[in-house]
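Take a look at the structure set out below.
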Amino acid sequence: LARVDREVCVARAGEASLGSAAFAAALGRPEIRDEQGATLRQALDRGAFGVPTIVVGNRLFWGNDQVVLLRHHLRRLLPGPSDGD
């Protein structure tokens, strides 16, 4: 597995047209680091322990194998036209 570090994130931001220089500058701002820490604490408090972890309401979906269950759960919450899946 490849390590995802600052350099990789900045490169991906540039590829996504987010502006790699602005993204790199934002990563160094104290308020961004504080927000990242708060988000991490909130995720851990809610039971996240790996990726992907997705929380919808009070339900936690962890792992790629849960994506199918997540999709089903979201469709139940937001009924609408079927997308053919």
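Which residues, taken from segment 10-38, are on the phi < 0 side of the Ramachandran plot and either among the polar types (S, T, N, Q) or touching a residue at least 24 places away in the same chain (Cβ under 8 Å) (or both)?
Step one: filter segment 10-38 for residues on the phi < 0 side of the Ramachandran plot, giving 10-16, 18, 20-38.
Passing the criteria: SER20, GLN36.
Filtering ARG71, ARG12, ARG46 for residues that are surrounded by 10 or more Cβ atoms within 10 Å (Cβ to Cβ), of a type in the set (D, E, K, R) and either in contact with a Phe, Trp or Tyr (Cβ under 8 Å, 6 or more places away or on another chain) or modelled with pLDDT under 90 (or both) leaves a single hit, ARG46.
Restricting segment 74-85 to residues that are charged (D, E, K, R) and either modelled with pLDDT of 90 or more or at positive phi (or both), which is surrounded by the most Cβ atoms within 10 Å (Cβ to Cβ)? In this case the residue turns out to be ARG75.
At least 1 residues that are among the β-branched types (Val, Ile, Thr) in each: list the helices (runs of 4 or more DSSP H) lying fully within segment 7-85 that qualify. Please lay out each step first, then the result.
Values: elements: 20-27, 30-45, 67-77.
Here the list reads 30-45, 67-77.
Give the residues of segment 49-61 that are under 14 Å from the mean Cα position of the chain (by Cα) and open to solvent by 100 Å² or more (accessible area, probe 1.4 Å), sorted by residue number. Passing the criteria: PHE49, VAL51.
The values are calculated or read from the model by the stated rules, or taken from the named source; none is laboratory data. Just so it is clear, the structure is predicted and the values come from calculations on it, not from any experiment. Glycine gets a Cβ as well: all are built from the backbone with ideal geometry, and neighbour counts include every protein chain shown. For accessibility, only protein heavy atoms count, side chains too; no ligands or nucleic acids. Shrake-Rupley method; radii C 1.70, N 1.55, O 1.52, S 1.80 Å.
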